[in-house]
Amino acid sequence: MAKRPRIAVVGSANIDLTTFADRFPKPGETIFGQKFDLGFGGKGANQAVAARLCGADVFMIARVGSDLFGPATIENFRKLGIDPTYVKQVEGLSSGVAPIFVEPNGQNRILVVKGANDAIKPVDVDDAAEVLMSVDCIVLQFEIPLETVYYTISFARKHGIRCILNPAPAQPVDMAALKDLDYFVPNESEAESITGMAVKTIEAAKKCAAKLVEGGIRRVIITLGANGSLLATREGTEHVAPFSVESIDSTGAGDAFIGSFAVFLGEGMPEKEAVRRANLYAGLSTTGVGTQKSFYDRARFDAEWSTRR
Ligand code: RIB
């Protein structure tokens, strides 16, 4: 039987307000949308949920607001079996929220108001040190303060814990602080804005990933949406093909990739195999509406995998 990974996510939790519309309104224009969905989201929380549904023991380190979303978010973690001991409510701040617009082809636009996510500081990482030192892998994103992200990367290095960073949403970054990472996992647009290189084709993505590796990041995975993903290491770059799915909402697909990848790797699968499976897990998440609620559990995923491999 595969090892059961222990994964900690130091990251964001949001409430997603998703509107489905034929198109995005122009400035000054009002149009009708077709459908609305309210759900639990946030890149960190989504990655935690994907990891949990794939079978890991998961610990969330996060901050939520002193509004009605705060306790509901904590309860959602508990219900899913994610340990929320280090998810705290912050007085006087709102929870993170994300108005999301989805067009008929499944493409999304997301606006994030960070709220309490901005209140998680390096000292909170120290407070959770005992739990963090007990895990096999720490997963990070950019919806919390960068000082906390950098601090957690060096914490992970110091204690020999695998560390995966999803630099989303993209922002100016101290590349030197990323050299201690095990995996750097941007999507095309994040890779583009962080490196300044256009990432419009698989070839361009290869060049961009190779540049990141030359710059000192050990392992880079660029997720390419419907084109699969690209794995780059000092040994070379490799395109990992996608699986075909009927996509209706791509929101959270990157999070599904990262959470599931952390689990597959933690179970001891070879890296490329873990990337292939994460490609499928992410693809399947786009066949349902919303983020966490569109993620497959392990039994459903394994059944699908056995028909696709
Ligand atoms: O990656 C999708 C997520 O981005 C959404 O759940 C939203 O909350 C934003 O964080």
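The values are calculated or read from the model by the stated rules, or taken from the named source; none is laboratory data. All values derive from a computational prediction rather than experimental measurement. Don't worry about glycine lacking a Cβ; one is built from the backbone with ideal geometry, like all the others, and counts go over all protein chains shown.
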Practice task
Mind counting the residues in segment 237-269 that are more than 19 Å from VAL139 (Cα to Cα), part of a loop (DSSP other than H, G, I, E, B) and not hydroxyl-bearing (Ser, Thr, Tyr)?
Solution key: 7
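Kindly establish whether GLY228 is within 16 Å of the ligand (Cβ to nearest atom) and within 19 Å of the chain's Cα centre (by Cα). Spell out the reasoning first.
Values: within 16 Å of the ligand (Cβ to nearest atom): no; within 19 Å of the chain's Cα centre (by Cα): yes.
In short, no.
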Practice task
Report, by residue number, each residue of segment 1-46 that is touching a residue at least 40 places away in the same chain (Cβ under 8 Å), within 16 Å of the ligand (Cβ to nearest atom) and more than 30 Å from TYR86 (Cα to Cα).
Solution key: THR19, PHE20
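Just to verify a result, which residue in segment 95-121, among those that are aliphatic (A, V, I, L, M) and either in a strand (DSSP E or B) or within 11 Å of the ligand (Cβ to nearest atom) (or both), is surrounded by the fewest Cβ atoms within 10 Å (Cβ to Cβ)?
At the first step, the residues of segment 95-121 found to be aliphatic (A, V, I, L, M) are 97-98, 100, 102, 110-113, 116, 119-120.
Next, only the ones that are either in a strand (DSSP E or B) or within 11 Å of the ligand (Cβ to nearest atom) (or both) stay: 97-98, 100, 102, 110-113.
On the way: VAL97: 20, ALA98: 22, ILE100: 24, VAL102: 24, ILE110: 18, LEU111: 11, VAL112: 20, VAL113: 14.
Once the filter is applied, the top-ranked residue is LEU111.
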Exercise for the section: Would you mind telling me which numbered condition in (1) under 26 Å from ASN105 (Cβ atoms); (2) modelled with pLDDT of 95 or more; (3) surrounded by 22 or more Cβ atoms within 10 Å (Cβ to Cβ) ALA232 fails? Expected result: (1)
Fill in the blank from the handout: The condition from (1) more than 16 Å from the ligand (Cβ to nearest atom); (2) under 15 Å from the mean Cα position of the chain (by Cα); (3) more than 18 Å from VAL49 (Cβ to Cβ) that LYS272 misses is numbered (2)
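One line per residue, one yes/no per condition, for (1) surrounded by 15 or more Cβ atoms within 10 Å (Cβ to Cβ); (2) farther than 17 Å from SER229 by Cα; (3) within 16 Å of the ligand (Cβ to nearest atom); (4) not basic (Lys, Arg):
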| site | (1), (2), (3), (4) |
| --- | --- |
| PRO167 | yes, no, yes, yes |
| ALA170 | yes, yes, yes, yes |
| VAL173 | yes, yes, no, yes |
| LEU181 | yes, yes, no, yes |
| VAL185 | yes, no, yes, yes |
| ALA191 | yes, no, yes, yes |
| ILE194 | yes, yes, no, yes |
| ALA198 | no, no, no, yes |
| LYS206 | yes, no, no, no |
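Within segment 1-37, count every residue that is outside any loop (DSSP other than H, G, I, E, B) and surrounded by 11 or more Cβ atoms within 10 Å (Cβ to Cβ). So that I can check it myself, show each step before the final result.
First, the residues of segment 1-37 that are outside any loop (DSSP other than H, G, I, E, B): 6-10, 14-20, 35-37.
If we keep only those that are surrounded by 11 or more Cβ atoms within 10 Å (Cβ to Cβ) as well, we get 6-10, 14-20, 37.
Adding up the residues that qualify gives 13.
Is segment 81-94 home to any residue that is hydroxyl-bearing (Ser, Thr, Tyr), within 22 Å of PRO122 (Cα to Cα), at pLDDT 95 or above and crowded, with 22+ Cβ neighbours inside 10 Å? Don't jump to the end; show me each part of the working.
The first filter runs over segment 81-94 and keeps only residues hydroxyl-bearing (Ser, Thr, Tyr), leaving 85-86, 94.
When the remaining residues are screened for being within 22 Å of PRO122 (Cα to Cα), the result is 85-86, 94.
From what's left, at pLDDT 95 or above: 85-86, 94.
Next, from what is left, pick out any that are crowded, with 22+ Cβ neighbours inside 10 Å: none.
Within segment 81-94, none of the residues are hydroxyl-bearing (Ser, Thr, Tyr), within 22 Å of PRO122 (Cα to Cα), at pLDDT 95 or above and crowded, with 22+ Cβ neighbours inside 10 Å.
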